[in-house]
Amino acid sequence: MSDETVRLVVVAMIAAIPPTLAALAALIVALKGSQKLTQLHLQINSRMDQLLEVSTSAARAEGRLEK
């Protein structure tokens, strides 16, 4: 792998951390019983959408996907 590819992978991994942590936090709060399950589902779904967008952007930057 080239240095540029490694750099792009690292950036994508760093960008994926906040949505993942937010989804985990939402799960913990829901397990404590302070949220309804449907609210949890919506929060996790939106975080997963963010993760998918970041992953897609990283793949495009690497040249694996076309716009």
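For every residue, the table says whether it meets (1) outside any helix (DSSP H, G or I); (2) aliphatic (A, V, I, L, M); (3) more than 18 Å from Ser55 (Cα to Cα).
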{"position": "Glu4", "(1), (2), (3)": "no, no, no"}
{"position": "Val10", "(1), (2), (3)": "no, yes, no"}
{"position": "Ala15", "(1), (2), (3)": "no, yes, no"}
{"position": "Pro18", "(1), (2), (3)": "no, no, no"}
{"position": "Ala23", "(1), (2), (3)": "no, yes, no"}
{"position": "Leu27", "(1), (2), (3)": "no, yes, yes"}
{"position": "Gly33", "(1), (2), (3)": "yes, no, yes"}
{"position": "Leu40", "(1), (2), (3)": "no, yes, yes"}
{"position": "Asn45", "(1), (2), (3)": "no, no, no"}
Being exposed (fewer than 14 other Cβ atoms within 10 Å of the Cβ) and under 23 Å from Arg60 (Cβ atoms): is that true of Val6 here?
yes
Take Ala59 and decide whether it is within 15 Å of the chain's Cα centre (by Cα), assigned to a helix (DSSP H, G or I) and surrounded by fewer than 15 Cβ atoms within 10 Å (Cβ to Cβ).
yes
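Each value in this text was obtained by applying a stated rule to the coordinates, not by laboratory testing. Here the structure is a predicted model, which is why all the values come from computation and not from measurement. Here Cβ is always computed from backbone atoms with ideal geometry, including for glycine, and neighbour counts include all displayed protein chains.
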